[in-house]
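Student: Below is the structure I would like to discuss, written out as structure tokens.
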Amino acid sequence: MDLSLILNFVRCQPGLLQSEAWFPLCLPRFNSTGFVYAYTNRLHDDTGLCLMFVSATNTTEQFEVFRRAAMQVRVQLGLPFMVERKVVARE
């Protein structure tokens, strides 16, 4: 059930898969009174390959652990590093 919630949430929020993101998620079967925190990283533009890590810890250190892990996956798969994108708010 919780995995279905994660996949649906990410699929319905395409902005989460544009580069990298860190956001809270409520997973009722895991913890109905709190949040887990998810890190997403788009690994490859042409294929849409993305990576997602989930943690019960909301710290800068955890974000950096996930970021380094995503970089290692990218290197192991032989994927190029993506250019940072800036999100511009429209009024």
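Student: Take the residues in region 45-72 that are charged (D, E, K, R) and over 23 Å from residue 14 (Cβ atoms); name whichever of them is surrounded by the fewest Cβ atoms within 10 Å (Cβ to Cβ).
Tutor: Within region 45-72, the match that is surrounded by the fewest Cβ atoms within 10 Å (Cβ to Cβ) is 61.
Student: Residues to consider are 19, 55, 4, 32; find the one that is of a type in the set (S, T, N, Q), over 17 Å from residue 79 (Cα atoms) and at pLDDT below 80.
Tutor: So the residue among 19, 55, 4, 32 that is of a type in the set (S, T, N, Q), over 17 Å from residue 79 (Cα atoms) and at pLDDT below 80 is 32.
Student: May I ask you to list the residues in region 22-34 that are of a type outside the set (D, E, K, R) and open to solvent by 40 Å² or more (accessible area, probe 1.4 Å)?
Tutor: 22, 24, 26, 28, 30, 31, 32, 33
Student: Here is a further query. If you go through region 35-42 one residue at a time, do you hit one that is modelled with pLDDT under 90 and open to solvent by 70 Å² or more (accessible area, probe 1.4 Å)?
Tutor: yes
Student: How do the pairs read when you match residues in region 75-87 that are under 12 Å from residue 20 (Cα atoms) with residues anywhere that are of a type in the set (Gly, Ala, Ser) and at pLDDT 65 or above, using Cβ under 6 Å and keeping only pairs 6 or more apart or on different chains?
Tutor: Filtered contacts from region 75-87: 85/19.
Student: Out of the residues in region 3-21 that are touching a strand residue (DSSP E or B) at 6+ places or on another chain (Cβ under 9 Å) and not hydrophobic (A, V, I, L, M, F, W, C), which is surrounded by the fewest Cβ atoms within 10 Å (Cβ to Cβ)?
Tutor: Checked region 3-21; the qualifying residue surrounded by the fewest Cβ atoms within 10 Å (Cβ to Cβ) is 15.
The values are calculated or read from the model by the stated rules, or taken from the named source; none is laboratory data. Predicted, not measured: the structure shown is a model, and the values here were computed from it. Because the Cβ atoms are built from the backbone with ideal geometry, glycine has one as well, and the counts that use them run over all protein chains shown. Note: areas computed on protein heavy atoms with side chains; ligands, DNA, RNA excluded. Shrake-Rupley method; radii C 1.70, N 1.55, O 1.52, S 1.80 Å.
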